[in-house]
1. Say whether the condition of being modelled with pLDDT of 95 or more, assigned by TED's automatic domain parsing to the domain that holds residue B:365, surrounded by fewer than 24 Cβ atoms within 10 Å (Cβ to Cβ) and in a strand (DSSP E or B) is met by at least one residue in segment B:285-294.
2. Given the conditions (1) of a type outside the set (Val, Ile, Thr); (2) modelled with pLDDT under 95; (3) surrounded by fewer than 19 Cβ atoms within 10 Å (Cβ to Cβ), which single one is not true for residue B:450?
3. Can you name every residue in segment B:296-326 that is within 13 Å of residue B:279 (Cα to Cα) and either modelled with pLDDT under 95 or touching a Phe, Trp or Tyr at 6+ places or on another chain (Cβ under 7 Å) (or both)?
4. For residues that are modelled with pLDDT under 75 and in contact with a helix residue (DSSP H, G or I) (Cβ under 8 Å, 6 or more places away or on another chain), scanning just segment B:30-55, find the one that is farthest from residue B:83 (Cα to Cα).
5. Which one of these is surrounded by fewer than 24 Cβ atoms within 10 Å (Cβ to Cβ), within 14 Å of chain A (Cβ to nearest Cβ) and within 26 Å of residue A:33 (Cβ to Cβ): B:252, B:278?
6. I'd like the residue in segment A:14-68 that is hydroxyl-bearing (Ser, Thr, Tyr) and assigned to a helix (DSSP H, G or I) and, out of all such residues, is farthest from residue B:310 (Cα to Cα).
7. Tell me which residues, restricted to segment B:173-190, are of a type outside the set (Ser, Thr, Tyr), farther than 19 Å from residue B:251 by Cα and either modelled with pLDDT under 95 or buried (at least 22 other Cβ atoms within 10 Å of the Cβ) (or both).
8. Could you say which residue among A:17, A:53 is of a type in the set (A, V, I, L, M) and within 14 Å of chain B (Cβ to nearest Cβ)?
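The values are calculated or read from the model by the stated rules, or taken from the named source; none is laboratory data. Fair warning: this is a prediction, and the values are worked out from it, not measured in the lab. Using ideal geometry, Cβ is built from the backbone for each residue, glycine included, and neighbour counts are taken over all protein chains shown.
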Amino acid sequence: MKSKWLILTTPEDFSNVSAMVSKRKIEILNHLENIFVIEINTTKKKAENLKNVQGVLSVEEEGYLSIQ
Amino acid sequence: MSKVKKDENQVEYTGRYLVLMPENTDTGVSALGTLNSISGLNLKSSTEFENEVFTTKDLDSCDGILLENIGVAIVNKNPNFEVGIGTMTEDHNMIVEKERVVYAIDKLNPEAKNYMHGYRDAVNVLSEMLLGDAETDTIMAEDEGINAAAVGATWGLKATKVVPSSLLFSNPYSGVNVKVAILDTGFDFNHPDFVGRPIVQRSFIPGEATQDLHGHGTHCTGTACGPINPPGNFERYGIAHKANIYIGKVLSNAGSGTDGQILAGINWAQGQGCKVISMSLGGRVTGAGFSAIYENTALNLLNRGTLIVAAAGNDSNRPGQINPVSHPANCPSIMAVGAVDAQMNVARFSNGGLFLAYGAVDIVGPGVGVFSSVSTPHSPNMGPVGIQRGNANGTSMAAPHVAGIAALWIEASSLTGRALWSKLLSTAKPLPQHPTRDVGAGLVQAPNKRRLPVRWPAPF
């Protein structure tokens, strides 16, 4: 089952990681280029495999937030 | 005892005079000698009395008494003295005033209380000038309580010194040219309190315009950046009233959003050059640790001059239950804001900093009974149908107080990012009655300026 994930990269590897994600045929939802975050839609297994990609600092599943 | 007299303004005088010695006068024997020589009187020194305490009887037993520590003499009515006043003020730079009758503050009406506070403050400034302690730089106002002089503003703006309580201080800051982003449920672009105000906007919620149909975002924006004079008979509720407003809709009209939408909002705000990002949102933490993505993002932004402020969360039910600071405010590089009420009690719902390494409450702001703007239409949670302004509770309301004040500090000090963070914490008003776990550095405080003293002309 697919869900939304967030990938944090180093500034210098942002483009390379994006290319690598595309190469793995993972759907990219958003590039947040100012903060070096890529939002993707994929399975938990594929998302966790991205942790080993050069330049990836963190991979986290998205959650919901609300007004306080 | 001199007889009490009233002037045409019903100000009561004792019949005595106050003489303020010029700035460069040495205290002690030389000052007394100088004054006696010039006035032709025989004044005593306050040091002649035990512990410098004297009575009106002591005063009546001589021509007057010089208060050595502050360089002020109290002089009894004397025709010879009155003849020499012109010489004293013009040739010797002394200030001479009639001594007023002063009543206990509690017996006065509010207008008179304000006057007396001003009079007291003016005397303090004159004393400090003589002692060389007067300041004119941007400083923190003295704690005068929240109801002394400030009128026409919310309790939160008074408590945080956005509206100084003392007439001796002013807040000339408006957040002008500072870009402040409010990431929330959007904003009511038709609100009457923001007519003519340029606002940059973007929605990150698919299918929803930035127009706020919930009310929460409009309330938070009002606190951080609302007007100094709302039209109609409403008290001031806005802080950085000339800041450039950036509205990022990252929460739906139902009041929720995803991490991706919020990060997209942060990304946008950073790209727009916003120096303050206010996020009155959060999610309850379910496990240990904090988000590396938010932390890294906030750390990078902090190093690049952008401060992220976030609500600490409302999951607690004090005093019995204190829950940890919510995500993403629990990231060390995001300033977590807890809430207090007007009596400086920690709000029942305000989360606490339960872990040593992360998730601290960094600072607190007003978060109970906070009056601000509300969108039309709005959620039933934001008040009765049709209202355009109203009260709300939450750490959501506390966070924009900090954001707005951060904008004032940027204007006042040019500090941004990490330096701004330090400034906000170092100038917060400590609340030692509460543990740091709940209030962090204390109640956020706005920059104030001490008014330059105005020398009152001699009343004759």
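1. So far as segment B:285-294 goes, no, none of its residues is modelled with pLDDT of 95 or more, assigned by TED's automatic domain parsing to the domain that holds residue B:365, surrounded by fewer than 24 Cβ atoms within 10 Å (Cβ to Cβ) and in a strand (DSSP E or B).
2. (3)
3. B:307
4. B:52
5. One residue alone meets the criteria, B:252.
6. A:22
7. Result: B:175, B:178.
8. A:17
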